[in-house]
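Shown next, in structure tokens, is the structure this report addresses.
What follows draws every value from the coordinates through simple rules; no lab data is involved. This structure is a prediction, so every number in the text was calculated from the model and none was measured.
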Amino acid sequence: RGGLDRAIPRTSAVETSAGRRDARGMRTEAELGPLDDLAADARPTRRRRCSHAESDPSSSLLCRLPHDLAARVLATLPPSARARCAAVSRGWRDLLRDLPPQQLWHELDFTRDDRELTRESFAGATRRARGALRVLKVPGDAGITRGAIVTAMRANRESLRVVEALSSEDSREEDFSDDAVTPATGFWTPKQVHEAVNSSGPKLVTFTVDVRARGACGALMQQLTSPVVRVRRLDVRAGVSALAAEDKKRLFAAVAVAASPASRDGSFSRSGGLRRLTLASCGLSAEDAEELVAALGGDDAELAPERDKKTDDETNAPGGGFELDVAENPGLGCAGAVALARLVADGKIRALRMETCGVGEAGARALGDALASRRCALTALDLSRNFLGAGGAAALAEGLALGATAGAARLAKAGPG
């Protein structure tokens, strides 16, 4: 032991120009100051944090915030990214678990993050709502099944008030061009709409969907006139078997209610009503066209407000107006085109598709006169596969010229034959 003590020299304090240091070059306690003061300054504030705020350094910045501020920060993220935050760390997972659902999950608008939305993120976000979800919006091109949406509605039936599950925009139907061939996705069938409404609770106020049916069934008639269901786009394609006369009458009566700007409670509303109607291959005749014009407000100003003079912004407003597609109905003929021309002249529709409808020169002349109207708001017209003749084509050209001069119409495409 004596030899070991002689081999290891004892450390002693030395005096340097930087202050008093020990033999190892470390500053002494007198130079650093009292350690108790430093400990007092580092004492944490009394704020509510998650359980892993201290042990998880990666989550300390967010988890040290008060819960109301942390909820505001996370609420700026799209719902899908918000749900994936739970996989960042244990601290973030516990923070999302500790936050009240009313602060973070009461409104899920998945239309904001259509690029990031997956079935897993949709299921995770709706699961974390835990019965606090009030508003749910789902895009039609995200691949979310109707069954997943119905499951989310059933899990939040006591709190859900607004659901919007619309289809994707179909550019081919939008501008009648042959280049865009991607069909719209996200349509609901009347049976699926019926199941979703039955799965919801008494607080549901609005359920906005796009419906595609192969006939005029009783469930579709009820949904078009329901105080809860709002059908924005209705696509009815009867196919080989045309609609019966009685089915047409019931369908036109329901369309009149769905297309009216007045809501079911009697108040005036421009949102949530029927915006596009497709009656392709339904066996429509000229008499059916007259009834359809009457249902769409051909003799009054319900479908579109009366305007004496319109600006370019009003004429080309995106999403404004009503779109009508009656293609593949050769029974319409010239008499049907004359009836539908009244809707064009009154500015009730902004898009009309009459492909393969048996329109001749007389029908083309009626549409040409409608295009020259000052109240015309048509932006897309498809008359392809019709025998308009030279006189009908000239009448359409004259109507386009007069309409363009009056600022009444700008057509994306007109197929005269």
Hz values of 3J(HN,Hα) by residue in region 353-368 - Karplus curve (6.51, -1.76, 1.60), Gly and Pro given as x: 10, 10, 6, 6, 10, x, 7, x, 5, 5, x, 5, 5, 5, 5, x
Note on region 327-383: alpha-carbon gyration tensor, axes a ≥ b ≥ c; rule is a/c under 1.5 for rounded, else prolate if a/b larger than b/c, else oblate; result prolate
